[in-house]
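The values are calculated or read from the model by the stated rules, or taken from the named source; none is laboratory data. Given the structure is predicted, the values throughout are model-derived calculations rather than measurements. For neighbour counting, all protein chains shown are included, and Cβ atoms are generated from backbone atoms with ideal geometry for every residue, glycine included. What goes into the accessible areas is simple: the full protein's heavy atoms, side chains included, and nothing from ligands, DNA or RNA. Shrake-Rupley method; radii C 1.70, N 1.55, O 1.52, S 1.80 Å.
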Amino acid sequence: MFSINKKEENGFEKFILKDNNSNTFAVILPACGAILHAFETTHNGNNINVIESYTSTDDFKEHIETKGFLGSKLSPFVCRLKQGTYHFGEKKYKFEKFYPGKHALHGILYNKAFTVTGQTTNELHASLTMKYEYRAEDPGYPFNYDCIITWQLEKENNLSVTTECINKDEGLIPIQDGWHPYFNLGDSIDELQLEFQSKEMVEFNSELIPTQNLIPYSEFNSLKKIDNTFFDNCFTLNMDACQPLCVLRNPSKKIEIEIHPEKSYPYLQIYIPPHRKTIAIENISGAPDAFNNGMGFITLEPGESALFKTSYKIKLLK
């Protein structure tokens, strides 16, 4: 049987989705961008949380950008948007939020408070649904849309997240979607193995903006030790390959994360921070700067919705 419990801790209002048979649980923070705060199971008598997150609400509010957007929802654009500007229709728009340099980064919903609209528990799963009604809050995106997020924990340590974006405007709107989780499997990233089914790498210029060229890439198409590899790159995924399309493994601790994106997330962004203790593996619907380069660019008619889904599975190895 599955359960959902609410808990106040360190200023967080935590919603804990739990598989009571396996003691696997996921912690969701609706008021902090609907992020996944923890995904934990028991392995060889030890509790293992594979998600890097924040220590308190103050930590979240003060350091979400400086800590690298741990777990953030990326919407209505993902990654970098060149100089925060784009043309849509006959108009030019410029975002106010957020610029670490001269390019806008990671959309505008990452620190918004979502409202819980539903929850379900039964013998098969526990699910929590949240909603944010965006209403033209940034001059760079003077449109209206609803962002509805559902986290669902299922048997065998499987956690899925579905995002529905609904156009509530009177005309067309542009949209992208993604997630920015950081994974920690207990050792330095250098000691972990990585695999992802990639067709090409998106070529970046010196400012990490796509040139619109694709470079053939297959280096991690089978499990390979990360070692000293540095990632701050975007890749196209081979959606015709067998799932999971991405695996992160700690062979010494005999645990891995499997990532199962649906076709709504055909791109994968990977980033390793300088401390090399965690790795960001981001399912995204389009490439960085897609509002300008069209790589995964999506528009929605009034009343139209788009669904984006990916799943994370903790697999315990023998």
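Looking at (1) open to solvent by 40 Å² or more (accessible area, probe 1.4 Å); (2) assigned to a strand (DSSP E or B), which is the one condition that is false for Leu268? Checking Leu268 against (1) open to solvent by 40 Å² or more (accessible area, probe 1.4 Å); (2) assigned to a strand (DSSP E or B), the one that fails is (1). Yes or no: region 78-90 includes at least one residue that is open to solvent by less than 20 Å² (accessible area, probe 1.4 Å), on the phi < 0 side of the Ramachandran plot, in contact (Cβ under 8 Å) with a residue 24 or more places away in the chain and not hydrophobic (A, V, I, L, M, F, W, C). Yes, there is a match, as at least one residue in region 78-90 is open to solvent by less than 20 Å² (accessible area, probe 1.4 Å), on the phi < 0 side of the Ramachandran plot, in contact (Cβ under 8 Å) with a residue 24 or more places away in the chain and not hydrophobic (A, V, I, L, M, F, W, C). The strands (runs of 3 or more DSSP E) found wholly in region 88-192 and carrying at least 1 residues that are within 18 Å of the chain's Cα centre (by Cα) occupy 125-135, 144-154, 158-167, 173-175, 178-180. Just so you know, in region 169-205 the residues that are at pLDDT 95 or above and surrounded by fewer than 16 Cβ atoms within 10 Å (Cβ to Cβ) include one that is nearest to Leu105 (Cα to Cα), and it is Asn205.
Identify the residue in region 54-77 that is polar (S, T, N, Q) and touching a residue at least 40 places away in the same chain (Cβ under 8 Å) and, among all such residues, is surrounded by the most Cβ atoms within 10 Å (Cβ to Cβ). Lay out the reasoning, then the answer.
First pass over region 54-77, keeping only residues polar (S, T, N, Q): 55-57, 66, 72, 75.
If we keep only those that are touching a residue at least 40 places away in the same chain (Cβ under 8 Å) as well, we get 55-57, 72, 75.
Details: Thr55: 11, Ser56: 12, Thr57: 16, Ser72: 25, Ser75: 28.
So, considering only residues that are polar (S, T, N, Q) and touching a residue at least 40 places away in the same chain (Cβ under 8 Å), the one surrounded by the most Cβ atoms within 10 Å (Cβ to Cβ) is Ser75.
In region 24-53, of all residues being crowded, with 17+ Cβ neighbours inside 10 Å and of a type in the set (Val, Ile, Thr), the one that is nearest to Asp138 (Cα to Cα) corresponds to Ile35.
Of the residues making up region 274-288, those that are open to solvent by 10 Å² or more (accessible area, probe 1.4 Å) and either touching a residue at least 12 places away in the same chain (Cβ under 8 Å) or under 19 Å from the mean Cα position of the chain (by Cα) (or both) are Arg276, Lys277.
Take the residues in region 104-131 that are touching a residue at least 24 places away in the same chain (Cβ under 8 Å) and in contact with an Asp or Glu (Cβ under 7 Å, 6 or more places away or on another chain); name whichever of them is least open to solvent (accessible area, probe 1.4 Å). Here the residue is Ile108.
Here is a check on your reading of the model: is Asn228 open to solvent by 50 Å² or more (accessible area, probe 1.4 Å) and without any contact (Cβ under 8 Å) to a residue 12 or more places away in the chain?
For Asn228, the condition - open to solvent by 50 Å² or more (accessible area, probe 1.4 Å) and without any contact (Cβ under 8 Å) to a residue 12 or more places away in the chain - is not met.
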